[in-house]
1. For helix 38-67, what angle does its Cα long axis make with the longest principal axis of the chain, in degrees from 0 to 90 and rounded to 10?
2. What does the extension gain come out to for residue 51 and residue 37, with contour length at 0.36 nm per residue minus their alpha carbon separation?
3. Shape call for the range 6-67 from the C-alpha gyration tensor, a ≥ b ≥ c root eigenvalues: rounded (a/c under 1.5), prolate (a/b greater than b/c) or oblate?
4. Which value at 222 nm does the chain reach when only helices count, each DSSP H run of 4 or more adding -39,500 (n - 2.57), with the total divided by all residues and rounded to the nearest 500 deg cm²/dmol?
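Computed from the coordinates by the stated procedures, all read-outs in this text should not be read as laboratory data. All values derive from a computational prediction rather than experimental measurement.
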Amino acid sequence: MRRPSCSRSAKVCPVCGRSFHWHKKWERDWDQVRYCSHACCQRKKQLRKQTEESDERTRYRVAVERRNGVG
């Protein structure tokens, strides 16, 4: 088995934070690979939705506090 070069040896999954390494099946697409698994690729949509909802709640809370003179 050929050892991969250092430039493509490891990446960090933005969803779960785990590091993952180059595999033969990703040989042609390594530059485009962003997620460690199909499950993490699917979870990115759920996390994005949760983040948007959280941001919306925070904006609402800040607006209410400003109206009430808090902060």
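1. It works out to around 20 degrees.
2. Working: separation 14, 0.36 × 14 = 5.04 nm, distance 2.09 nm.
Stretched out fully, the residue 51 to residue 37 stretch lengthens by 2.9 nm.
3. Working: a/c = 4.60, a/b = 3.29, b/c = 1.40.
Taking the square roots of the gyration eigenvalues as a ≥ b ≥ c, the range 6-67 is prolate.
4. Numbers: 1 runs with 30 residues, N = 71.
Calculated at 222 nm, the ellipticity per residue is -15500 deg cm²/dmol.
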